Amino acid sequence: MARRLWAALGGGIRVAAAEIRSAATAPSSSASYHTIQAIPREHCGPRVASKDRAQGRIPAVVFSRDDRDPSKPVSRKHLLTTERKQIKSILKQVQLPFFCSTTFHLQIRAGSGSCHLLESGVVLPIKARLDFVHRNAETGDVLNLVFQWAEEGSEVNVDVPVVFKGQDLSPGIKKVGGHLNVIRESLTYRCPVEHIPPKIEVDVSNLDIGDRLFMRNIEVHPSLKLLSKVEEMPVCKVVAAKPKISKQPVVATNSEEEPAIV
């Protein structure tokens, strides 16, 4: 039943004969060596999702975008479930801030433990609605995952985390006692799948008090296009520490005057 449903979901689905590349020959520079295993699910909704989670699985969705017109909404939604243990293991190694800028190999099989491969390819986590991965606020457990196919030769919009290094060498921080004011924690680029950076490292070791780094100062692969109309916007600035205001102690005075009797 699941096989027939999956075959009917869309005539344009890639055939399973397209084998997954090894990590050494992955098309994306950020491609992880992890291979996410998934199986189709026939239905959606809160009750179905709760049942999947109770069985140790995470509801997931994979989309395809029309690369000819990136402004169009995602289409070709396919419903999947993944194993919670595997996703938790991946997040421990990849870390959540870099999850949405890392591509993964995806294998969709006919059922749990099945050897029959329905489809395979490279996917990228995407932001849908509020986030790309929904987590339980109390336990931190992953509740849902959203991916898009990241086909070789295509381009995708990626929010790339910015990592600042060299703070211990910055004269404005080390000698003067200032601190780094982070203005942008990530930058959005239009990236060829082959050149998606998992993160952007920014060296602040030469910054003094008042120095700033702007978006135009960030060096990335020439194929990446910054999706911002204001390249003069700073991403960080070294600012002076606020002076500490010492509170004067209140000295109590002993009055010799007798209190008035009312």
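No value in this document is a laboratory result; all are computed from the given coordinates. This structure is a prediction, so every number in the text was calculated from the model and none was measured.
Listed cross-link partners LYS51/LYS77; LYS85/LYS199; LYS165/LYS242; LYS199/LYS229; LYS92/LYS165; LYS92/LYS174 are compared with a 30 Å cut-off, the Cα-Cα value being larger for LYS92/LYS174.
Full extension of the chain between ASP159 and ILE183 gives 7.1 nm of extra length, using 0.36 nm per residue less the Cα-Cα distance. Kindly provide the pair-distance distribution of region 157-239 built from C-alpha pairs, with 5 Å bins from 0 and whole-percent values in order of increasing distance. Going out from 0 Å in 5 Å bins, region 157-239 shows 3, 15, 26, 22, 15, 10, 6, 2, 0 percent.
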